[in-house]
1. What fraction of the Cα pairs in region 152-274, stated in percent, has a spacing above 25 angstrom?
2. Of the listed pairs LYS19/LYS217; LYS106/LYS402; LYS106/LYS157; LYS129/LYS157, which have alpha-carbon separations greater than 24 Å here?
3. If you place +1 on the Cβ of every Lys and Arg and -1 on the Cβ of every Asp and Glu, how big does the dipole about the Cα centre of region 2-204 come out, in debye to the nearest 20?
4. Taking only Cα atoms, what is the 0 to 90° angle, nearest 10, from helix 371-382's long axis to the longest principal axis of the chain?
5. Any idea how far apart GLN174 and THR427 come out in nm if each label point goes 7 Å out from Cα toward Cβ?
6. Let me check something: with ligands and nucleic acids excluded, how do ARG328, ARG244, ARG309 order by accessible area (1.4 Å probe), largest to smallest?
7. With springs only between Cα atoms under 10 Å, which of TYR404, TYR338, TYR365 fluctuates most in a Gaussian network model of the chain?
8. For the chain, go through all pairs of different Cα atoms, get the mean of 1/r, take its inverse, and jot down that Kirkwood value in Å.
Amino acid sequence: ELKEVVFVIQSQSNSFHSKRAEDLKRDILKQAADLGKEFPTVLLIHQMNRHEGAWTILPLMRDFSVTYGRNSSWIFFCEEDTRIQVVQLLEILGRFDRSKEWFLGKALYDEESTIIHHYAFAENPTVFKFPDFAAGWALSMPLVNTLAKKLKSEPLKSDFTIDLKHEIALYIWQKGEGPHLTPVPEFCTDDVNLYKVDYCATTFSNFLPLCGEPVKKEDIFVAVKTCRKFHGDRIPVVKQTWEREAALIEYYSDYADTSIPTIDLGIPNTDRGHCGKTFAILERFLNHTSPRTPWLVIVDDDTLISIFRLRKLLSCYDPNEPVFLGERYGYGLGTGGYSYITGGGGMVFSRIAVQKLLASKCRCYSMDAPDDMVLGMCFSGLGIPITHSPLFHQARPMDYPKDYLSHQIPVSFHKHWNIDPVKVYFTWLAPNTEESHNGKKVEYNREDL
């Protein structure tokens with residue numbers, strides 16, 4: 001029965017995202033009404049925010065078990081852009097014995113061991129499957145109850161949340177004592193417009209959001225963090241690739257080099273964490289750029305980014321809101337902690353977010369503190385939410401499953417290790433690899449980069 005399924009939308013509190021999640025909730029309830037079924041429960045994760053780490057899902061298991069353990073059979077999780085055919089979903093869940101422990105989803109796996117998964121299953125990473133959240137995934141209530149019990153006796157230990165879908169699958173698997181992910185072919189991430197999706201219970205509708213005209217080039221100020229030792233090898237890559245897409249760009253270094261040109265902010269370079277430099281960039285943006293420039297992007301000198309696509313993405317966000325956008329990681333979320341935007345994939349700020357941050361007393365606890373984590377801590381203390389976009393990437397294309405990247409039009413990648421960064425940019429990010437205007441996805445010729 002539909003009323004035995006609890007739908008959980010992995011929503012966010014930013015106005016653009018919460019509206020999309022509300023639209024999906026309405027769609028699920030409308031399908032239920034059209035079927036003459038009793039309404040299911042539909043929850044939005046950002047509204048369960050007595051947990052700072054609600055987005056990491058595992059801390060919610062005890063609530064799910066207590067509240068829904070008796071009268072529900074399944075918890076079905078999805079993203080705000082997942083589209084669900086309720087009749088087909090019920091049919092699929094009906095195939096599985098709801099009295100047993102089930103973990104269902106569209107299976108992803110690593111083709112080679114990767115840093116973002118701490119090189120797990122290094123001998124054969126293809127053996128371990130984890131769910132593609134965009135396709136939706138489901139837990140049977142007996143499994144939710146088991147996880148809730150385990151979490152009660154053994155609180156979450158991991159300090160960092162880096163790739164949630166992989167970490168949840170590892171936690172459920174329990175080194176072989178718990179269930180593996182059972183792949184469900186009808187959980188799909190194909191574009192809703194494709195003819196072949198008729199058999200899918202879920203589809204995914206958004207490769208790159210666009211909400212009206214892209215923001216103007218002049219509305220984005222780009223700050224590149226560099227240092228003298230990388231002027232010769234990393235900066236030429238930026239100049240050969242994405243620099244031409246940026247109307248307003250400055251390079252910040254520990255040495256003023258007129259040939260680039262770089263600006264010496266008077267902050268010595270540190271081997272790790274660049275908190276002092278990043279806060280100096282934020283001050284400079286606020287005090288030395290036009291107050292009419294609503295957006296700031298801070299990137300590393302080895303970040304590859306599509307400003308062209310970022311302009312489309314930012315059309316969906318209100319610059320009058322405090323927005324802090326990028327790829328979200330978590331620190332210590334099992335025990336209070338905070339979320340942050342990981343620096344390598346690029347950090348995007350609305351001017352109002354920078355104003356609120358600098359008006360507060362929150363600053364670096366040391367010059368070489370990790371800038372992205374300090375920013376996360378500060379924004380968390382100010383009650384300003386982190387806004388996650390999976391289109392920003394802290395690692396290289398080869399570090400992600402191909403099937404995961406296939407339903408994205410990415411905005412950034414990071415690091416130059418063992419790759420030709422110029423080739424990666426022109427294969428994955430350059431404007432001429434853009435999808436056609438009618439919204440149909442074009443398959444790019446992407447080598448194994």
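1. Details: 4588 of 7503 pairs.
I get 61 percent for the Cα pairs in region 152-274 exceeding 25 Å.
2. Numbers: LYS19/LYS217 26 Å; LYS106/LYS402 13 Å; LYS106/LYS157 27 Å; LYS129/LYS157 22 Å.
LYS19/LYS217; LYS106/LYS157, as the Cα separations exceed 24 Å there.
3. Working: 23 positive and 28 negative charges, 174 e Å.
Result for region 2-204 is approximately 840 debye, rounded to the nearest 20.
4. Rounded to the nearest ten degrees, it is 60.
5. Placing both labels 7 Å beyond Cα along the Cβ direction yields 4.1 nm.
6. On the way: ARG328 40, ARG244 150, ARG309 0 Å².
From most accessible down to least: ARG244, ARG328, ARG309.
7. Among TYR404, TYR338, TYR365, the largest GNM mean-square fluctuation belongs to TYR365.
8. Kirkwood radius, the chain: 22.9 Å.
The values are calculated or read from the model by the stated rules, or taken from the named source; none is laboratory data. From a predicted model like this one, the values you see are computed outputs, not experimental measurements. Neighbour counts run over all protein chains shown; Cβ positions are idealised from the backbone, glycine included. The protein model used for the area step is the full one, side chains on, heavy atoms only, and it has no ligands, DNA or RNA in it. Shrake-Rupley method; radii C 1.70, N 1.55, O 1.52, S 1.80 Å.
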